[in-house]
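The values are calculated or read from the model by the stated rules, or taken from the named source; none is laboratory data. If you're wondering where the values come from, they're calculated on a predicted model, not measured in any experiment. FYI the Cβ positions are ideal-geometry reconstructions off the backbone, even for glycines, and counts take in every protein chain you see. Areas reflect the complete protein model, heavy atoms only, side chains present, ligands, DNA and RNA absent. Shrake-Rupley method; radii C 1.70, N 1.55, O 1.52, S 1.80 Å.
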Amino acid sequence: MALLHAFTRTSRARQHRPVALGVSRVPSATVAGAVALVSLALGAWCFGRL
């Protein structure tokens, strides 16, 4: 899921398209990137707890 967030953020930002409808590109790409990083970190932490 985190990789999907990261892919969506980078591909849409490169095409100069908004990541979220009705929001400008910079804030939406920033939030999408932050969500992707948090998801990756949480997944790594959960995997490490196994």
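Limited to the stretch 14-26, what total is found for residues that are among the small types (Gly, Ala, Ser) and either in contact with a strand residue (DSSP E or B) (Cβ under 6 Å, 6 or more places away or on another chain) or at pLDDT 70 or above (or both)? Even if it seems obvious, please write down each step before you answer.
Of all residues in the stretch 14-26, those among the small types (Gly, Ala, Ser) come to 20, 22, 24.
Imposing the further condition that a residue be either in contact with a strand residue (DSSP E or B) (Cβ under 6 Å, 6 or more places away or on another chain) or at pLDDT 70 or above (or both) reduces the set to 22, 24.
So the count comes out to 2.
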Given (1) modelled with pLDDT under 70; (2) of a type outside the set (Asp, Glu); (3) in a helix (DSSP H, G or I); (4) open to solvent by less than 50 Å² (accessible area, probe 1.4 Å), index of the condition Ala36 fails | (1)
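Please determine, by comparing only the residues of the stretch 21-33 that are farther than 15 Å from Phe7 by Cβ and not charged (D, E, K, R), which one is most open to solvent (accessible area, probe 1.4 Å).
Quick first cut of the stretch 21-33, residues farther than 15 Å from Phe7 by Cβ only: 21-27, 30-31.
Next cut, not charged (D, E, K, R) only: 21-24, 26-27, 30-31.
On the way: Leu21: 159, Gly22: 88, Val23: 65, Ser24: 71, Val26: 108, Pro27: 62, Thr30: 88, Val31: 91 Å².
Here the residue is Leu21.
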